[in-house]
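Participant: Supplied in structure tokens, the structure appears directly below.
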Amino acid sequence: MDLFEYQGKQYFARWGIAVSPGGVADTVEEAVTQAEALGYPVVVKAQVQVGGRGKAGGIKLANNAEEARQHARNILGMDIKGHVVKRLWIEKASDIAQEYYVSFTLDRSRKMDLGMLSAMGGMDIEKVAEDNPHAIARIWLDPVLGFSEVQAREWVQAANLDPAAVEGVVEIVQKLYRCFIEGDADLVEINPLILTPDGRVHALDAKVTLDDSAAPRHPEWEEYRSLIFDMLDSRERRAKELGLQYVGLEGSVGIIANGAGLAMSTVDIVNQVGGQPANFLDIGGGTGADGMVNALTVINEDENVRAIFINIFGGITRGEEMAKGIVEAMQRVDLRSPIIVRLDGTNSAEGRAILQEHASDRLIIQPDMLSAAQKAVEVAGG
Ligand code: GDP
Ligand code: MN
């Protein structure tokens with residue numbers, strides 16, 4: 001689960017990491033009220049779960065109420081890489097002497113925690129890694145052994161930061177690692193971590209991904225979950241309630257596949273043959289008729305859908321069970337659109353035989369994935 005910047009900063013603050021004071025605003029008036037309370041200059045920041053907000057025009061400095069109003073008006077409702085801005089974070093502006101980058105994440109290949117620190121902050125770290133790989137100081141940590149001050153100091157020295165920043169950064173990276181471990185995060189990232197002209201070090205941005213597997217021991221995460229839920233579109237909300245792995249898209253071909261990889265390939269192939277997928281939906285394995293009913297219910301409520309492409313590759317889940325699930329689901333859900341099925345893998349012959357008994361212009365069985373995609377796109381009207 002990804003947090004919004006302001007939630008990430010609130011999370012950081014629990015481990016004593018310095019952040020700027022600020023407040024949330026959902027309307028232009030709230031933004032001005034927050035700005036007035038903080039005192040100018042303030043920064044008006046779009047709250048969307050995607051990087052590069054600054055470049056997209058979603059981060060603006062305001063020196064007075066008029067500017068705060070203007071920026072809030074422009075940024076609310078703005079589309080940043082497909083994310084619509086519904087909430088702002090208004091923060092006291094900082095003076096910046098230096099911008100650094102720091103993060104902790106998991107290095108799966110080494111089975112260790114990986115810390116990255118760079119004097120080249122404020123920009124895409126992927127770009128720094130590509131153009132100046134030596135500008136990133138890396139440290140691998142064993143979570144059982146922890147992170148000593150000596151290690152922190154050596155790491156910070158290796159990053160060649162401004163000497164004035166060293167003490168502050170040594171302190172903050174230790175707090176950030178505790179936040180990463182105790183806070184059960186998969187990723188904590190500060191970009192930029194700044195040095196102010198008067199020698200203070202603090203977090204100007206926050207990216208936190210929480211480890212969903214740790215949710216049972218964090219009842220307080222419920223607050224984040226319900227907010228993220230509020231931000232979903234109505235189809236995605238419905239899917240979540242039904243426990244489906246669903247992502248809403250804009251097109252007319254509804255998609256159901258068993259397995260996330262197959263579902264992604266299905267989205268790709270529909271695009272490839274000139275269609276527009278209405279969604280991504282992984283029905284998983286062994287869900288039977290109930291899972292198929294839930295999946296078809298969500299897709300059926302999407303008014304853009306004109307054809308439903310069910311793409312099944314039987315593995316542990318056997319083909320005839322999937323076929324029975326589809327037939328039963330069709331009896332239980334009053335579908336607006338025809339179904340096009342591709343069924344392969346374990347017991348596919350038995351599965352197809354069951355489907356054939358019910359074949360009609362509402363249930364079309366195709367021999368392979370490509371022809372099924374083409375048929376679905378044709379039925380949806382291109
Ligand atoms: P991102 O573009 O989504 O990563 O958003 P950030 O929160 O990192 O902000 C982008 C850039 O805006 C930063 O790298 C800073 O250069 C600038 N910025 C953000 N907050 C402030 C601030 O308080 N003062 C100043 N001077 N610049 C800021
Ligand atoms: Mn940033």
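Participant: First measure r as the distance between the Cβ atoms of ASN74 and MET231, then evaluate 1/(1 + (r/R0)^6) with R0 = 22 Å and state the FRET efficiency to the nearest 0.05. Intermediate results must be reported in sequence, preceding the final value.
Facilitator: On the way: r = 20 Å, r/R0 = 0.92.
FRET efficiency, ASN74 to MET231: 0.65.
Participant: Around LEU262, what is the net charge, scoring Lys/Arg as +1 and Asp/Glu as -1 over all other residues with Cβ under 15 Å from its Cβ?
Facilitator: Neighbour charge sum, excluding LEU262 itself: -3.
Participant: First measure r as the distance between the Cβ atoms of GLU182 and ASP368, then evaluate 1/(1 + (r/R0)^6) with R0 = 56 Å and state the FRET efficiency to the nearest 0.05.
Facilitator: Numbers: r = 51 Å, r/R0 = 0.91.
In this case the efficiency is close to 0.65.
Participant: Relative contact order for the chain: what is it in percent, counting Cα pairs under 8 Å that are at least 6 residues apart?
Facilitator: 12 percent
Participant: Additional query: Out of the trypsin sites (Lys or Arg not before Pro) in the range 17-118, which ones are loop residues according to DSSP with at most 14 other C-beta atoms within 10 Å?
Facilitator: Values: sites: LYS45, ARG53, LYS55, LYS60, ARG69, ARG73, LYS81, LYS86, ARG87, LYS92, ARG108, ARG110, LYS111; in loops: ARG53, LYS55, LYS81, LYS86, ARG87, ARG108, ARG110, LYS111.
Within the range 17-118, the qualifying trypsin sites (Lys or Arg not before Pro) (loop, at most 14 other Cβ atoms within 10 Å) are LYS55, LYS81, LYS86, ARG108, ARG110, LYS111.
Participant: Sticking with this one: For Cα pairs less than 8 Å apart in space and 6+ apart in sequence, what is the mean separation divided by the residue count of the range 21-92, i.e. the relative contact order in percent? Walk me through the numbers before you get to the answer.
Facilitator: On the way: 146 pairs, mean separation 34.0, N = 72.
It comes to 47 percent, rounded to a whole number.
Participant: With label points built 7 Å along Cα→Cβ from the Cα atoms of ILE96 and ASP334, find their separation and express it in nm.
Facilitator: It works out to 5.7 nm between the two label points.
Participant: Any idea how far apart MET264 and MET1 come out in nm if each label point goes 7 Å out from Cα toward Cβ?
Facilitator: 2.4 nm
Participant: Amide H to amide H under 5 Å from LEU187: which residues, 5+ apart in sequence or cross-chain, H placed 1.01 Å off N in plane?
Facilitator: Long-range HN contacts for LEU187: THR209.
Participant: Note the angle between two axes, namely the Cα long axis of helix 149-158 and the longest principal axis of the Cα atoms of the chain, as a number of degrees from 0 to 90, rounded to the nearest 10.
Facilitator: Helix 149-158 sits at roughly 90 degrees to that axis.
Participant: Can you give me the distance in nm between label points at THR346 and ASP361, each placed 7 Å from the Cα along the Cα-to-Cβ direction?
Facilitator: Going by the 7 Å Cα→Cβ label model, 3.7 nm.
Participant: Enumerate the aspartates and glutamates that LYS375 could reach by cross-link, defined here as Cα to Cα under 16 Å, with residues fewer than 8 away along the same chain left out.
Facilitator: The qualifying aspartates and glutamates are ASP268, ASP361.
Participant: Moving to a separate point now. Sorted from fewest to most neighbouring beta carbons within 10 Å, what does the list LEU187, LEU176, LEU355, LEU249 look like?
Facilitator: Fewest to most other Cβ atoms nearby, the residues stand as LEU187, LEU249, LEU355, LEU176.
Participant: Got the relative contact order for the range 234-380 handy, in percent, Cα pairs under 8 Å and 6 or more residues apart?
Facilitator: Working: 321 pairs, mean separation 35.8, N = 147.
Value for the range 234-380: 24 percent.
Participant: From the helices alone, meaning DSSP H stretches of at least four residues, give me the mean residue ellipticity at 222 nm for the chain, per-run term -39500 (n - 2.57), in deg cm²/dmol to the nearest 500.
Facilitator: So the helix-based figure for the chain works out to -11500 deg cm²/dmol.
Participant: Could you please rank ILE136, ILE310, placing first whichever residue has the fewest other Cβ atoms within 10 Å of its Cβ? Walk me through the numbers on the way to the answer.
Facilitator: Values: ILE136 18, ILE310 30.
In increasing order of surrounding Cβ atoms, one gets ILE136, ILE310.
Participant: Given LYS9/LYS45; LYS9/LYS92; LYS45/LYS86; LYS207/LYS240, which pairs have Cα atoms separated by over 19 Å? Show your work: numbers first, answer last.
Facilitator: On the way: LYS9/LYS45 13 Å; LYS9/LYS92 13 Å; LYS45/LYS86 11 Å; LYS207/LYS240 24 Å.
Pairs exceeding 19 Å: LYS207/LYS240.
Participant: So what's the projected area for the chain, the Cα convex hull averaged over all directions, in nm²?
Facilitator: 21.6 nm²
Participant: For the chain, take the longest principal axis of its alpha carbons; what is the angle in degrees between that and the long axis of helix 28-38, to the nearest 10 within 0 to 90?
Facilitator: Orientation of helix 28-38: about 30 degrees from the principal axis.
Participant: Among all the aspartates and glutamates, which ones have a C-alpha under 20 Å from LYS127's C-alpha, if same-chain residues fewer than 8 places away are not counted?
Facilitator: GLU99, ASP107, GLU189, ASP205
Read-outs throughout are calculated quantities, based only on the coordinates presented, and are distinct from any laboratory measurement. None of these values were measured; they are calculated from a predicted model. Positions of Cβ are generated from backbone atoms using ideal geometry, with glycine treated the same way; all protein chains shown enter the neighbour counts.
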